Amino acid sequence: MPAHPMDIRIKGLTHVYMKGTQFEKRAVDGVTLSVAQGQYCALIGRTGSGKSTLVQHINGLLRPTSGTVSVGGMEVAKRNLRAVRAAIGMAFQYPEHQLFEETVHADIAFGLKKSGADPAEVDGRVSEAAKAVGLHETLLGKSPFEISGGERRRAAIAGILVTDPSVLIMDEPAAGLDPKGRDELFEIIGRFHRDKGATVILVSHSMDDVAAHAERVIAMDAGKVVMDGPPSEVFADAGAIEAIGLLPPETAAFMARLRALMPELGAALTVGDAAAEVARALRARSVIASSQGSSQ
Amino acid sequence: MFGEVTVGQYIHGESALHRADPRTKLIAAVALFAVVFLIRGYVPYLALAAALIAVAACSRLPLRFVLKGLKSLRLIIVFSTAVNILFNRSGEALLEAGPLTLTTGAAYAGFSLLMRLTIIITAGSVLTLTTTPIGLAGAVESLLSPLKAIRVPVHEMSMVMTIAIRFIPTISAETARIMKAQAARGSDFDTGGLVGKARSLIPILVPLFVSAIRRADELAVAMESRCYRGGEGRTKLRSLRFGKVDLAVALCAAAAFTAFIAFGRLPSVF
């Protein structure tokens, strides 16, 4: 962990696209938000709600129309850009589209070399990053264009993790992956979060992924933050979630329907929690039933 | 950097200029380009500019959009006008300032070049702002269709043009996305010498070409699966029709151009 925590502080952030034209659009509207170092946050909201615009201010890819953003006490401005970007890893949707080098190894090393890492360290850190994403050593010498789609995604993520960022911003990282690839990707992100104490900001449309992995959920609508809290709290109000154009996690919806039959059921957001909750309720019933049976 | 691409930008409207047949507009624009080079003298150029402003006003587009094309080419306009004024020595001296002399010939050369560039660019903007790219490509195809007799693949050329225009915004959005992804990994596009800057383009150009080729491949499959087989016997969703508006536009343009050429070529007019 760095000497001072890389907290993200966003104050009164507004971003207006194409200002002064007929296409003017207020994508982010007065957002104030902080994310402490080490938090696993999810940013949810319908398409066009301002999530991607918001996260692109954190590493200075977009400049605020008004308001400020700081990371670890540094204001995200031109003079700090290099330091800020070195501390933040960011993956866009389909990150494998950024691959360009002749070998997978060179591509993973790209960001590392740009950050001025010791050349003697490069090989070791590239191997470590490749291992972290489950990319076999033999693939490192191949061209990024001759490996499979899933391997390309891993290589691209490795190229982001290799610089050991304190903050990891992932914009729909699992888009287009099969269920197994999806699980493995979230395992990679989760492991990086735990082992390195990194902040994770996950932008996602999959409420199931969000419910399963994030400890804090921030919901946006029309450029504003409308809900912010732990998943159990944010997803508790299914009506509010639907009002901003999203659907609650499938497990939550399933539990809500099951509650019509078993009113004593509590809430659960993941399949594991739901199974445990149903088992608990059933056990409680059978205890009651058997105690009633024995008293007769 | 890529946000201001206005090539072929079309702004929807309901004016007569919008509704006119793209072929009429294209021919009128080409004729106007010819007229620009045929006329001489201060008054004819100013009159032609005034006429063009009147036409632009008919389109009911905000003036800002019409003049946007000029803004992007302002350096070329200013530079070439300045060169003409500075290095022309014909005619009588009008003004003298140290080593520089402004002659009547230089003033006129600068003026006519300025007017020619401004008129051509503005007319081009009016054409593309009021005509959909698809309409323009259709007009080119229709006007060149006699060439099919000598086996020129006119339809294919027009299809290539249509697709190219259609993909400008897609590719420019893709470029912006790739630039951001590489910037997030520490790429720096502003610093370094010429070699450094050229080198920093590699991480953008390689993914861009890869995705453009992938897109082309997917598009080809999509077109073939819809049974596209080239121009032979193909009909159009919006077939071009020469209507009353076109007749009016064509007659007005023809009359105006004849007048301009007749009037503008008289040597006595200054």
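Only one of B:Pro207, B:Pro169 is in contact (Cβ under 8 Å) with a residue 40 or more places away in the chain and within 14 Å of chain A (Cβ to nearest Cβ). Can you tell me which?
Of the residues listed, the single one that is in contact (Cβ under 8 Å) with a residue 40 or more places away in the chain and within 14 Å of chain A (Cβ to nearest Cβ) is B:Pro169.
In the list A:Gly149, A:Gly141, A:Gly134, which residue meets the criterion of being within 14 Å of chain B (Cβ to nearest Cβ), over 24 Å from A:Ala86 (Cβ atoms) and touching a residue at least 24 places away in the same chain (Cβ under 8 Å)?
Result: A:Gly149 is the single residue among A:Gly149, A:Gly141, A:Gly134 that is within 14 Å of chain B (Cβ to nearest Cβ), over 24 Å from A:Ala86 (Cβ atoms) and touching a residue at least 24 places away in the same chain (Cβ under 8 Å).
I'm told A:His105 meets every condition in (1) open to solvent by less than 10 Å² (accessible area, probe 1.4 Å); (2) more than 9 Å from chain B (Cβ to nearest Cβ) except one. Can you identify the failing condition by its number?
Checking A:His105 against (1) open to solvent by less than 10 Å² (accessible area, probe 1.4 Å); (2) more than 9 Å from chain B (Cβ to nearest Cβ), the one that fails is (1).
Taking the stated definitions as given, is A:Ile160 assigned to a helix (DSSP H, G or I), within 14 Å of chain B (Cβ to nearest Cβ) and open to solvent by less than 50 Å² (accessible area, probe 1.4 Å)?
yes
So which residues in the stretch B:41-96 are within 24 Å of B:Ala107 (Cβ to Cβ) and charged (D, E, K, R), if there are any at all?
B:Arg74, B:Arg89, B:Glu92, B:Glu96
With respect to A:Glu187, determine if the residue is farther than 24 Å from A:Ser49 by Cα and not β-branched (Val, Ile, Thr).
In short, yes.
Is it the case that the stretch A:175-191 has a residue that's over 30 Å from A:Leu33 (Cβ atoms), open to solvent by 60 Å² or more (accessible area, probe 1.4 Å) and within 14 Å of another protein chain (Cβ to nearest Cβ)?
Scanning the stretch A:175-191, I find no residue that is over 30 Å from A:Leu33 (Cβ atoms), open to solvent by 60 Å² or more (accessible area, probe 1.4 Å) and within 14 Å of another protein chain (Cβ to nearest Cβ), so the answer is no.
Considering only the stretch A:216-263, how many residues are farther than 26 Å from A:Gly30 by Cβ, open to solvent by 30 Å² or more (accessible area, probe 1.4 Å) and touching an Asp or Glu at 6+ places or on another chain (Cβ under 9 Å)?
Residues meeting the conditions: 1.
Would you say A:Met74 is within 14 Å of chain B (Cβ to nearest Cβ) and open to solvent by 20 Å² or more (accessible area, probe 1.4 Å)?
It is false that A:Met74 is within 14 Å of chain B (Cβ to nearest Cβ) and open to solvent by 20 Å² or more (accessible area, probe 1.4 Å).
Since A:Arg85 meets every condition but one in (1) within 14 Å of chain B (Cβ to nearest Cβ); (2) surrounded by fewer than 19 Cβ atoms within 10 Å (Cβ to Cβ); (3) of a type in the set (D, E, K, R), which condition does it not meet?
Checking A:Arg85 against (1) within 14 Å of chain B (Cβ to nearest Cβ); (2) surrounded by fewer than 19 Cβ atoms within 10 Å (Cβ to Cβ); (3) of a type in the set (D, E, K, R), the one that fails is (2).
Looking at this structure, is B:Ile178 of a type outside the set (Phe, Trp, Tyr), within 12 Å of chain A (Cβ to nearest Cβ) and over 20 Å from A:Gly159 (Cα atoms)?
no
Could you tell me how many of the residues in the stretch B:97-111 are touching a residue at least 12 places away in the same chain (Cβ under 8 Å), open to solvent by 10 Å² or more (accessible area, probe 1.4 Å) and of a type in the set (Gly, Ala, Ser)?
Final tally of qualifying residues: 3.
Only residues that are within 14 Å of another protein chain (Cβ to nearest Cβ) and either among the hydrophobic types (A, V, I, L, M, F, W, C) or not in a helix (DSSP H, G or I) (or both): list them for the stretch A:111-125, please.
A:Leu112, A:Ser115, A:Gly116, A:Ala117, A:Val122
Is there a residue being open to solvent by less than 80 Å² (accessible area, probe 1.4 Å), polar (S, T, N, Q), within 24 Å of A:Thr163 (Cα to Cα) and touching a helix residue (DSSP H, G or I) at 6+ places or on another chain (Cβ under 8 Å) anywhere in the stretch B:178-190?
Yes, the stretch B:178-190 contains a residue that is open to solvent by less than 80 Å² (accessible area, probe 1.4 Å), polar (S, T, N, Q), within 24 Å of A:Thr163 (Cα to Cα) and touching a helix residue (DSSP H, G or I) at 6+ places or on another chain (Cβ under 8 Å).
The values are calculated or read from the model by the stated rules, or taken from the named source; none is laboratory data. A quick note: this is a predicted structure, and the numbers were derived from the prediction, not measured. Every residue, glycine among them, receives a Cβ derived from its backbone with ideal geometry; neighbour counts consider all protein chains shown. We work out accessible area using only protein heavy atoms, side chains counted, and drop any ligands, DNA or RNA first. Shrake-Rupley method; radii C 1.70, N 1.55, O 1.52, S 1.80 Å.
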